[in-house]
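Worksheet for the structure shown next.
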Amino acid sequence: MDNGKGIAEEDMKKIFNRYYRGTDTTKEGSGLGLAIANDIVKAHNGKINIESQLEKGTVFTIVLRELEE
């Protein structure tokens, strides 16, 4: 969770794409972090949920499926 500038709706569909850095990015980076995180979570049968509002911030929630014994 953060209280940053938020993620624009048009970027929400693309933020997990490799090398995508958003339309309003001012920080340096490769655009790989969220793509790699998403791949790891998917490998564990999970999902990353995102809630974001411009000028209010973003919440990332990782949901992992419980392992069956």
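The convex hull drawn around the Cα atoms of the chain, when projected onto a plane and averaged over every direction, covers 4.9 nm².
Taking the Cα atoms only, what angle lies between the long axis of helix 33-43 and the longest principal axis of the chain, rounded to 10 degrees? The angle comes out at about 20 degrees.
Near K5: Cβ cut-off under 10 Å, other residues only, Lys/Arg at +1 and Asp/Glu at -1. The net charge is -2. Among the chymotrypsin sites (Phe, Trp or Tyr not before Pro) in segment 1-57, those placed in a DSSP loop whose Cβ has at most 14 other Cβ atoms within 10 Å are Y19. Loop sites here are trypsin sites (Lys or Arg not before Pro) outside DSSP states H, G, I, E and B with no more than 10 other Cβ atoms within 10 Å. The longest part of the chain free of them is 28-64.
Overall, the chain carries a charge dipole of about 220 debye about its Cα centre when +1 sits on the Cβ of Lys and Arg and -1 on the Cβ of Asp and Glu, all other atoms neutral.
The numbers here are math on the coordinates, done by the rules we state, and not lab data. Bear in mind that the values here come from a model prediction, so they are computed numbers and not experimental data. Cβ sites come from the backbone with ideal geometry, for glycine too, and all protein chains shown count toward neighbours.
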